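What follows is a single structure, written as structure tokens, with notes after it.
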Amino acid sequence: MTDFETLAVDAADRIMTVTLSRPEKLNAFNATMRDELIAAFDMSDADDEVRAVIVTGAGRAFCAGADLSGNGRGFANPGAPLGPDGKEDWSDPSIRDGGGLVTLRIFRSLKPVIAACNGPAVGIGATMQLAMDIRLASDTARYGFVFARRGIVPEACSSWFLPRIVGISRALEWCYSGRVFGAEEARESGLVRSVHQGEGLLPAARAIAAEIAENTAPVSVALTRQMMWRMMGAASPMEAHRVDSRGVAARVASADVREGVASFLEKRPAAFSDRVSTDMPGYFPWWTDEPWQ
């Protein structure tokens, strides 16, 4: 695997594990980690042997938020540049939020993503997990959407993700107060699937990843992931009907469906041959990207 400065990345048994690895800084997020996380997800999408991704942290924290060391320069460049008319140009790409670049890359992932939150996750440490599909937490995990306490606003597309996950009222409560809360409150609110003690966190995450890797068709999983996430913002179920219909028609004609049916009838594990790198259907991607994407 590629050597990274702020991450440890390894792959085994068709599962890529991405570990945030600045333990001396509680894995605080900086520009290098931003770029390396994007690169890691580029790697996972390009590697057909990777069927699922787990993201966790080294040491006692998942991620303590933006690295505010060095005179507090952990946030994006201040303000917007002036345009030709002398007014602030709020469309300039230079003002883009680095956390949002990461969550948008996770959002576009073609592989399922599992968060194994092993400790405190504050600011971007919490919001980067929102674009992940399944979130597990250690009993020592603590979460904080602390932006109002730092004089800023929620970032990393969390104003889109968080209300969809926990509901608008709970999302606003957490963001208005900026308080830090524990794993059980996160579980009760639907932010995390389950809470695990001690050394049980990563094995639980790997068990979920292994079930996906060992039993499902990778192209079907890639399509399903994008269908589910993107339909959360659809204006009508007709949008889902259109993409569902295309997906069913394309998949029924595939080698994977023939293998899936044969393996069921023969009572044996399926050996799916279609690959994400080469066999995505012709209508994919069906969406129109925003200008910044």
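Throughout, read-outs are computed from the coordinates displayed, never taken from laboratory work. Computed from a predicted structure; not experimentally measured. Glycine gets a Cβ as well: all are built from the backbone with ideal geometry, and neighbour counts include every protein chain shown.
With each label point set 7 Å from Cα along the Cα-Cβ vector, what nm distance links Asp139 and Glu185?
The modelled label-to-label distance comes out at 1.9 nm.
What distance in nm separates the simple spin-label points at Asp42 and Ser94, each placed 7 Å from Cα in the Cβ direction?
2.3 nm
Output the 0 to 90 degree angle, nearest 10, between the alpha-carbon long axis of helix 237-252 and the longest principal axis computed from the alpha carbons of the chain.
So the inclination is approximately 40 degrees.
Using just the helices of the chain, give the 222 nm mean residue ellipticity in deg cm²/dmol: DSSP H runs with n ≥ 4 each add -39,500 (n - 2.57), and the total is spread over all residues, rounded to 500.
Working: 11 runs with 115 residues, N = 293.
Here the helix-only value at 222 nm equals -11500 deg cm²/dmol.
If you take every DSSP beta bridge fully contained in segment 113-253, what fraction is antiparallel? Give it as a percent rounded to 5. Write down the numbers at each step before the final one.
Numbers: 3 of 12 bridges.
Among the beta bridges of segment 113-253, antiparallel pairing accounts for roughly 25 percent.
Exposure proxy check: Lys111, Lys25, Lys87 ranked by fewest other beta carbons within 10 Å?
Details: Lys111 25, Lys25 17, Lys87 9.
Going from sparsest to densest Cβ surroundings: Lys87, Lys25, Lys111.
Mind checking the angle between helix 31-46 and the chain's longest principal axis? C-alpha axes, 0 to 90 degrees, to the nearest 10.
The helix 31-46 is inclined about 0 degrees to the chain.
Amide H to amide H under 5 Å from Arg135: which residues, 5+ apart in sequence or cross-chain, H placed 1.01 Å off N in plane?
Here Ala115, Arg193 satisfy the definition.
Mind checking the dipole of segment 144-293: about its Cα centre, +1 per Lys or Arg Cβ, -1 per Asp or Glu Cβ, Debye to the nearest 20? It would help to have the intermediate numbers written out before the result.
Numbers: 17 positive and 17 negative charges, 30 e Å.
Roughly 140 debye for segment 144-293.
Give me Tyr176, Tyr143, Tyr283 ranked fewest to most by other Cβ atoms within 10 Å of their Cβ, as a rough exposure proxy. List each step's numbers first, then the result.
On the way: Tyr176 10, Tyr143 28, Tyr283 13.
Final ranking by Cβ density, sparse to dense: Tyr176, Tyr283, Tyr143.
Please report the antiparallel percentage of DSSP beta bridges with both residues in the chain, rounded to the nearest 5.
Working: 10 of 30 bridges.
DSSP beta bridges in the chain are roughly 35 percent antiparallel.
If I fit a long axis through the Cα atoms of helix 168-177 and take the longest principal axis of the Cα atoms of the chain, what angle between them do I get, 0 to 90°, rounded to 10?
That helix lies at roughly 30 degrees to the long axis.
With the cut-off at 27 Å, report for segment 6-134 the share of all Cα pairs above it, as a whole percent. Working shown, then result.
Values: 1912 of 8256 pairs.
When all Cα pairs of segment 6-134 are counted, 23 percent exceed 27 Å.
Hey, quick one: spin label on Arg268, modelled 7 Å out along Cα-Cβ, who in segment 22-53 has an amide N within reach, i.e. under 16 Å?
Residues passing the 16 Å test: none.
Please compute the Cα-Cα pair-distance distribution of segment 217-293 with 5 Å bins starting at 0, giving whole percents from short to long.
Computed distribution, short to long bins: 3, 14, 24, 21, 17, 11, 7, 3, 1, 0.
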